[in-house]
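Heads up: the structure comes next, in structure tokens.
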Amino acid sequence: MSTPPNRRAVAVLLLIPVVVTLALWAFAWPAARIAPRDLPVGVAGAGPAAEQLERGFERRVDAFEVHRFDGEAAAREAIEDRTVYGAVVAGPEGPHVLTASAASPVVAQLLRDAVTAQAPEGTPVRTTDVVAAPPGDPRGGALGASVLPLALAGMGAGAAV
């Protein structure tokens, strides 16, 4: 015996809001709780300035995984090899932030903000983008914008199968 049309319509009307709620939760919940966890960053240089920068990163428990480098050249090489997302070089003229916006514009901004917050008032913080994002997509938004359409197409194909 088949289900009456009215029952089927009611079931569909109840099921659609549940599916939409689950889909929103699946995308919104992780984005609302985004924070750095064991983010590999580097500190280069010697002396108390480099140690102070390293302690500043380590104060944020489980947020950063700090790698030490002898100098700026080693830090740049680590960024280019994707060992770290960015590095801070402690120098006599103040901290110099090395970033890789191509890896993550958000992490590059986070690193700049973290170092600027640690720097003494009035100390200039220089920033160099070692591995820059492509000029056509400087914020790296193309990949993020493609996630929802890909997920919906995947769900649609799965439902059709």
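Some points to look at:
- Annotation: amide H of A44 within the under-5 Å range of F69, V88, V89, A90, sequence separation 5 or more or interchain, hydrogens built in the peptide plane.
- Percent accessible area from carbon and sulfur atoms, the stretch 8-161, protein chains only, probe 1.4 Å: 64 percent
- The HN-Hα couplings worked out from phi for the stretch 69-82 by the Karplus form 6.51 cos²θ - 1.76 cosθ + 1.60 (θ = phi - 60°) are 10, 5, x, 5, 4, 5, 5, 4, 4, 5, 5, 5, 7, 6 Hz, whole numbers, x standing for Gly and Pro.
- Proximity of backbone amide H atoms, modeled 1.01 Å from N, is registered between S101 and V130, V131, A133 at under 5 Å, excluding neighbours fewer than 5 places apart on the same chain.
- Per-residue HN-Hα couplings for the stretch 22-31 [Karplus 6.51, -1.76, 1.60; θ = phi - 60°; Hz; x = Gly/Pro]: 5, 5, 4, 4, 4, 9, 7, 4, x, 5
- Highest-first arrangement of 148-159, 34-45, 96-107, where packing means the average Cβ count within 10 Å: 96-107, 34-45, 148-159
- Evaluated with a Cβ-only charge set (Lys, Arg +1; Asp, Glu -1), the chain carries a dipole of roughly 1040 debye about its Cα centre, given to the nearest 20.
- Taking a ≥ b ≥ c as the square roots of the eigenvalues of the alpha-carbon gyration tensor, the stretch 26-86 is classed oblate because a/c is 1.5 or more while a/b is no larger than b/c.
- For the chain, the relative contact order is 16 percent, taking Cα pairs closer than 8 Å that sit 6 or more residues apart in sequence and dividing their mean separation by the residue count.
- Excluding ligands, DNA and RNA, the accessible surface per residue across the chain is 67 Å² with a 1.4 Å probe.
- Kirkwood hydrodynamic radius of the stretch 60-122, from inverse mean 1/r over distinct Cα pairs, in Å: 12.3 Å
- Overall dimensions of the chain by Cα: Rg and Dmax, Å: 23.1, 84
The values are calculated or read from the model by the stated rules, or taken from the named source; none is laboratory data. In this text, all values refer to a predicted model and were calculated from it rather than measured experimentally. Positions of Cβ are generated from backbone atoms using ideal geometry, with glycine treated the same way; all protein chains shown enter the neighbour counts. Side chains included, ligands, DNA and RNA excluded: accessible areas come from the protein's heavy atoms. Shrake-Rupley method; radii C 1.70, N 1.55, O 1.52, S 1.80 Å.
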